[in-house]
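Below you'll find the structure, written out as structure tokens, and then a few comments.
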Amino acid sequence: MILAERAARLVSEIAVERLKLEVARLRRERFGASSERSARIDQLELTLEDLEETLAETEAQATAEPEAGATTAFSRRKPARRPLPEHLPRERVVHPGPTTCACCGGTRLRPIGEDSTETLERIPARWVVIQHVRERFSCRDCETLAQNPAPFHPIPRGRAGPNLLAEVMMAKFGLHLPLHRQSQRFAHEGVPIDVSTLAGWVGAVTTALSPLVARIEAHVRGAERLHLDDTPVPVLAKGKTRTGRLWTVVRDDRPFGGPEPPAAAYFYSP
């Protein structure tokens, strides 16, 4: 009864927090995205996440009780059970069936079908060192050495492969994961990489991608009409927080019948 009462109270709190979150999101859409409103939404999301985790723990405790059927008379909105992505590879694990009948002990069993249950699993990242071996040959006639050129590397004289560089850049700019956090994560996986090394990689990749950025900017600015928006960004400074600007320039010719593809360019000013 105590678990059921606690779960019912959590269900009510979750409903209230979900409504608060929805109101905060609507206000941000209506009045603009300030840093204070964004921080409030982040806090509401964390609170809602914590309440749902506590409720799930309470439900698990109630289910483990001997009289769970009498104490779990509460309901909440269950998370959507989405189908597992079709593009993921399937690994078939066959559990052999019985060889004797549990009823009569007979051994003349014939297959009549099977039941399949899918479980989503994730294999942890696997670190590898790829050795690029270039064989050298010597001409028997003139003693000239022959060897294929070195393979292309995204960073000159760098030891990071393109997949690793893409992961570091995505984690920093797409998931807002600082480099020191990435360095700690890599160290826990047995591959220590200094923050200064990661910073060097980020700078080198930024330089390598600058021609692509310039092409996108030129494409966006070549439109007949542009949409421009600026978003204030809190930036950490010594002893305080200052406000930077993230400028978004959007080209979208589709409403005007233009043949060019839509695009957006981003600029930052401190």
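The values are calculated or read from the model by the stated rules, or taken from the named source; none is laboratory data. None of these values were measured; they are calculated from a predicted model. A quick note on method: Cβ atoms are made from the backbone with ideal geometry, for glycine too, and the neighbour counts reach across all protein chains shown. For accessibility, only protein heavy atoms count, side chains too; no ligands or nucleic acids. Shrake-Rupley method; radii C 1.70, N 1.55, O 1.52, S 1.80 Å.
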Among (1) touching a helix residue (DSSP H, G or I) at 6+ places or on another chain (Cβ under 9 Å); (2) of a type in the set (A, V, I, L, M); (3) within 20 Å of P124 (Cβ to Cβ); (4) assigned to a helix (DSSP H, G or I), there is one condition A187 misses while meeting the rest; what is its number? (1)
Cβ contacts < 6 Å: first residue of a type in the set (A, V, I, L, M), restricted to region 180-195; second residue open to solvent by less than 40 Å² (accessible area, probe 1.4 Å) and part of a helix (DSSP H, G or I), any location; separation 6+ or different chain. Result? I193/S183; I193/F186; V195/L179; V195/S183
Anything in region 140-157 that is open to solvent by 100 Å² or more (accessible area, probe 1.4 Å) and over 30 Å from T206 (Cα atoms)? List them, or say none. R140, D141, E143, L145
Tell me the residue from A214, A208, A160, A223 that is closer than 30 Å to P262 by Cα, surrounded by 14 or more Cβ atoms within 10 Å (Cβ to Cβ) and of a type in the set (A, V, I, L, M, F, W, C), please. A223
Give the residues of region 226-259 that are part of a loop (DSSP other than H, G, I, E, B) and surrounded by 14 or more Cβ atoms within 10 Å (Cβ to Cβ), sorted by residue number. D252, D253, G258
Here the residues within region 135-151 that are among the aliphatic types (A, V, I, L, M) and in a loop (DSSP other than H, G, I, E, B) are A150
Just one of F137, F74 is modelled with pLDDT of 90 or more and either surrounded by 10 or more Cβ atoms within 10 Å (Cβ to Cβ) or closer than 30 Å to E5 by Cα (or both); which is it? F137
Closer than 30 Å to W127 by Cβ and modelled with pLDDT of 85 or more: is that true of I193 in this structure? yes
How many residues does region 157-179 contain that are over 21 Å from the mean Cα position of the chain (by Cα) and free of Cβ contacts under 8 Å to residues at least 40 places away in the same chain? 2
